[in-house]
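Please read the structure below before turning to the comments.
The values are calculated or read from the model by the stated rules, or taken from the named source; none is laboratory data. Since the structure is predicted, the reported quantities are computational estimates derived from the model, not experimental observations. Here Cβ is always computed from backbone atoms with ideal geometry, including for glycine, and neighbour counts include all displayed protein chains. When the accessible area is computed, the model is the full protein with side chains, heavy atoms only, and any ligands, DNA or RNA have been set aside. Shrake-Rupley method; radii C 1.70, N 1.55, O 1.52, S 1.80 Å.
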Amino acid sequence: MALSHLFSSSRSSTLLKPLTTSYLLRRPISTDSTPLTIETSVPFTSHQCEAPSRAVDTSPKELLTFFRDMALMRRMEIAADSLYKAKLVRGFCHLYDGQEAVAIGMEAAITKKDAIITAYRDHCAFLGRGGNLLQIFSELMGRIDGCSRGKGGSMHFYKKDANFYGGHGIVGAQVPLGCGLAFAQKYSKDEAVTFALYGDGAANQGQLFEALNISALWDLPVILVCENNHYGMGTAEWRAAKSPAYYKRGDYVPGLKVDGMDALAVKQACKFAKEHALKNGPIILEMDTYRYHGHSMSDPGSTYRTRDEITGVRQERDPIERIRKLILSHDLATEKELKDIEKEMRKQVDDAIAQAKESPMPDPSELFTNVYVKGYGVESYGADRKEFRGVLP
Amino acid sequence: MGTGLTRFGRRMRWVPSGLTRLGKQFSTSVCDNNPPAKSFNLYTAINQALHIALETDPRAYVFGEDVGFGGVFRCTTGLADRFGKTRVFNTPLCEQGIVGFAIGLAAMGNRAIAEIQFADYIFPAFDQLVNEAAKFRYRSGNQFNCGGLTVRAPYGAVGHGALYHSQSPEAFFCHVPGLKVVIPRSPREAKGLLLSSIRDPNPVVFFEPKWLYRLSVEEVPEHDYMLPLSEAQVIREGSDITLVGWGAQLSIMEQACIDAEKEGISCELIDLKTLIPWDKETVEASVRKTGRLLISHEAPVTGGFGAEIAASIVERCFLRLEAPVARVCGLDTPFPLVFEPLYMPTKNKVLDSIKSTVNY
């Protein structure tokens, strides 16, 4: 059942052909912002709203940026996998490879004034918000150059200057927080929105519906983005949800189902959702996507789904391959140029890892910082309460 | 101790020898003098207990996130195949829903054995446990209860679990009259205590030390047996100081006892097993003998269950105490990522504290 669903949207190759016939000349890589219109892989399906157009405005520059950024994310996650297996990464680690188009497409439609909040699968959202590789790998390895100064680890990336509210550990718990962010945005009239991301597993948590009701009641500019990768940990969506049509789960809240493997469709949907949310309040975007890795590093990801299923998605729906084909069919770059980009990304990742390994561990006194704000004077004790006794800074 | 969770997590393909035969071998008959016992690790012992619980009570059910294919720690391996998907099933990821559902199931006279995948995830279900499960009998004037409810949850550190996969939340539940809180220290204990918890006519929160799931191996009788709740056990006799702990921490404390003995300090070690209602008498008797008490747990020291034990024993043994009650516990910080070794109540911390208490 899950399988047939996953492959039901077969991609016709005609969609990859140029829509704008005037487009003939090779442009130099990544600087050309000539408008270009490309149709999304599949139509949007809507609930309580009118779906946006399938024709997405883009440019050669944007497509190449998509390709580069997604290649970087993919490489980064694979490197994180190796670091984890080498025991350089401790704590839990959840990888995003396969879902890159969601992070990329979303960023392309919004600004850094808009807020993003997500769960623990947060590496790529952080990168998308402008985080750098050194911060990522340092945080993964618990070093001070990490984005949370080594104190959070894989599940807890944050970037305040880009309104990335991070990295939360409990399934679904970040969604009510996101609605609170949106309330603050509306209250201060800053014409910005919040994208609250969660998975298909979290979609069954009660707190989601509580938050949705409040948001709809007060028309909060929040977009609930359900990244439906079809498995909540090891349980297929249809085993866990009476209605796996997550975009309809808001009932009175409009929703849109989006091909989450198509960065352009994601971009179009997020642009539409932002406008909708600012005018009318919350909306749900269901991103139909897929994670290649298991739920976490302790899940090989093959006990509850077949290898064929994973291979099938890689071959037919991979978000990077889709952009690669678009670039090649529009003659925006050669295959070799794209390969060179991938090599360059690989090098960036390797360099960042080498640099992160040089970053020191945080000082042991950091164990006691940030528990309370400075000055509360809470004491912490060592074993016998005499020899080791410190006031929490 | 410990390469930890990578080993736990890797889904095992092998089935422990004997497991396939378990179903046939189990019997509910009372043990004879030499019951067959084989070496099993802790998760296998839990698995045996669940097999027995389902086999001996047709109204028993096991459910939780991913339990259908064995659960992330393999505790429920083989149950769905043997007892069917109507009695062993996966739930959606919604802890509040799982526990609420379990309370309802138990209220109709069934044995609901619910699993919360990590004790860290139990908090969405906190209201259901505290306000619904614990008070059901009291507020209905004994018309209703959910005594058949047992919530299993792996707790504690594993070496690298970081903030949300390492916590020890037992003290929160010890503050709730109406619930029982049980924590086993080893495979044999786990099997007997789990069966008792499942069959106890009160709602029980059963925390399993996930560090020991594979690490702790001992002979476990293969038959159906129960170990009494609310009975502590002196697992090492001594005369200079009493140490009280539970779960995985006991093995740390035991090492400290062995090291202390080399320095001429005789330690008595008590496994509390049931945290509420707890066995004050055993602890009191021991402290009356030794005159000193040390309590150790992984949870942060402030407001931990050690505080309750310390206060109760001071009340009962004030004049007998020769030193302040020592607590060697987790620090008052969130469970850290890279600082886990600093945070933990390690053997050396326990040993230091034993010495300073004895030399007070």
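Averaged over the residues of B:158-170, the number of partner chain Cβ atoms lying within 10 Å of the residue Cβ comes to 4. Checking the table A:85/A:242; B:280/B:347; A:357/B:355; A:279/A:325 against a 32 Å threshold on Cα-Cα, which pairs fail? A:85/A:242; A:357/B:355; A:279/A:325, as the Cα separations exceed 32 Å there. Measuring r between the beta carbons of residue B:140 and residue A:336 and using R0 = 60 Å, the FRET efficiency lands at 0.20.
Label separation (residue A:218 vs residue A:280): 2.2 nm, computed from points 7 Å beyond Cα along the C-beta direction.
For chain B, the longest principal axis of the Cα atoms and the long axis of helix B:187-199 meet at an angle of about 60 degrees.
In percent, rounded to a whole number, the relative contact order of chain A is 21, using alpha-carbon pairs under 8 Å and six or more apart. For the set B:138, A:187, A:158, the ranking by accessible area, highest first and with no ligand, DNA or RNA atoms included, is B:138, A:187, A:158 under a 1.4 Å probe. Inter-chain neighbour count for B:337-345: the average number of beta-carbon atoms from partner chains within 10 Å of each residue's beta-carbon is 6. Cross-linked pairs A:87/A:347; A:271/A:336; B:180/B:210; A:151/A:257; B:210/B:349; A:151/A:248: Cα-Cα separations exceed 28 Å for A:271/A:336; A:151/A:257; A:151/A:248. One decimal place: the segment residue B:255-residue B:312 gains 17.9 nm when fully extended, by the rule 0.36 nm per residue minus the C-alpha distance. Based on the Cβ-Cβ distance from residue A:78 to residue B:266, what FRET efficiency comes out when R0 is 56 Å, to the nearest 0.05? My answer for the efficiency is 0.50. Annotation: peptides B:191-200, B:301-310, A:352-361, ranked by per-residue average of other Cβ atoms within 10 Å with the highest first, follow the order B:191-200, B:301-310, A:352-361. Within chain B, DSSP assigns beta bridges of which about 25% are antiparallel (rounded to the nearest 5).
Rounded to the nearest Å, what's the spacing between the alpha carbon centres of segment B:250-279 and segment A:146-170? Just the number, please. Spelled out, the Cα-based centre of one part sits 40 Å from the other. Shielding by partners for peptide A:132-142, expressed as the average number of C-beta atoms from other protein chains within 10 Å of each residue's C-beta, is 1.
Where only DSSP H runs of four or more residues are counted, chain A gives -12000 deg cm²/dmol as its mean residue ellipticity at 222 nm, each run worth -39500 (n - 2.57). Against chain A, whose longest principal axis comes from its Cα atoms, helix A:263-280 is set at around 70 degrees.
Full extension of the segment from residue A:344 to residue A:308, taken as 0.36 nm per residue of separation minus the current Cα-Cα distance, would add 9.9 nm.
Once the Cα atoms are used to define both axes, helix B:305-317 deviates from the longest principal axis of chain B by about 50 degrees. Note on chain B: helix-only mean residue ellipticity at 222 nm, from DSSP H runs of 4+ residues weighted -39500 (n - 2.57) and normalised by residue number, equals -10000 deg cm²/dmol.
Just report the Cα centroid separation between segment A:91-125 and segment B:84-160, whole Å. Cα centres, segment A:91-125 to segment B:84-160: 33 Å.
If R0 equals 41 Å, the separation of the Cβ atoms of residue A:315 and residue B:126 corresponds to a calculated FRET efficiency of about 0.35.
With the simple spin-label model, which puts each label point 7 Å out from Cα in the Cβ direction, the residue A:31 to residue A:160 separation comes to 3.9 nm.
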